[in-house]
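Heads up: the structure comes next, in structure tokens.
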Amino acid sequence: MAHLRKPLAAALGLNTAVLVVETIGGVEANSLSLVTDAVHNFSDEMALAFLLLAYTLRTGLSSHFLRSANLFNSLGLLAISSLLVWQSIERLLHPQPVIGLIPIAAGLLAAVGNWGVARELREPSKHDIAIRLAYVHNLGDVIVSLAPVLAGAAMLVSGSVLFDPIIAIIIAAVIVVTALQAIIGSQEELLWPENVVCGTAGSSIPRESGE
């Protein structure tokens, strides 16, 4: 499994950069759409970190632990998304100034970063189902990361800051749907490093007893 750790580590590093850029940019620009997408990328950060740990630790992480972590992460996303939607509604009722150029720049960088994450995962995803799930998810994130760009451009063209909370609500809706899918599937059997087949190594890692 050593050949999988390098692209996973690179993907995690790129996703961390995306998270930092969107978080700082969102705070500096007072942009809810950018902050909401940063929350979305934080969920990817957790998923990639656990996946890397599972391929790095000698005995791996149990599927029960990974399912539990995924469940609590999803519940946390639902709570945060609800708060962001509430704040977005407040912004619609009481608009606040937003620096439109920052969501455009940060969103474009985030899209490039998410594309880089997907690119790092593309080759190993051909041999491993667990990594393929992360690969497909990050391909979709490229499109989602362009939402703050749309918000920033719309604000600059129209002069209305209402586009920022509207886009934030849309991104939050995407997060909620994804989180609910994860919660519903949390009791199902997941394919994780302890019971998937590594195409390059040609062997599988046995499951832990009791799993």
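The values are calculated or read from the model by the stated rules, or taken from the named source; none is laboratory data. Please read these numbers as outputs of a predicted model, since none were measured by experiment. Cβ coordinates were reconstructed from backbone atoms using ideal geometry, including for glycine residues, and neighbour counts include every protein chain displayed. Please note that ligands, DNA and RNA were not included when accessible areas were found on the heavy atoms of the full protein model with its side chains. Shrake-Rupley method; radii C 1.70, N 1.55, O 1.52, S 1.80 Å.
Things to note:
- Summed over the stretch 109-134, the residues that are open to solvent by 10 Å² or more (accessible area, probe 1.4 Å) and in contact with a Cys (Cβ under 8 Å, 6 or more places away or on another chain) give a count of 1.
- Failed item, numbered, when ASN138 is tested on (1) among the polar types (S, T, N, Q); (2) in contact (Cβ under 8 Å) with a residue 60 or more places away in the chain; (3) farther than 23 Å from ALA11 by Cα: (3)
- Failed item, numbered, when LEU146 is tested on (1) open to solvent by 80 Å² or more (accessible area, probe 1.4 Å); (2) under 22 Å from ILE24 (Cβ atoms); (3) without any contact (Cβ under 8 Å) to a residue 60 or more places away in the chain; (4) not polar (S, T, N, Q): (1)
- Of all residue pairs spaced 6 or more apart or on separate chains, those with beta-carbon atoms under 6 Å, a first member in the stretch 108-133 that is within 13 Å of ARG5 (Cα to Cα) and part of a helix (DSSP H, G or I) and a second member that is among the charged types (D, E, K, R) and open to solvent by 80 Å² or more (accessible area, probe 1.4 Å) are SER125/ARG132.
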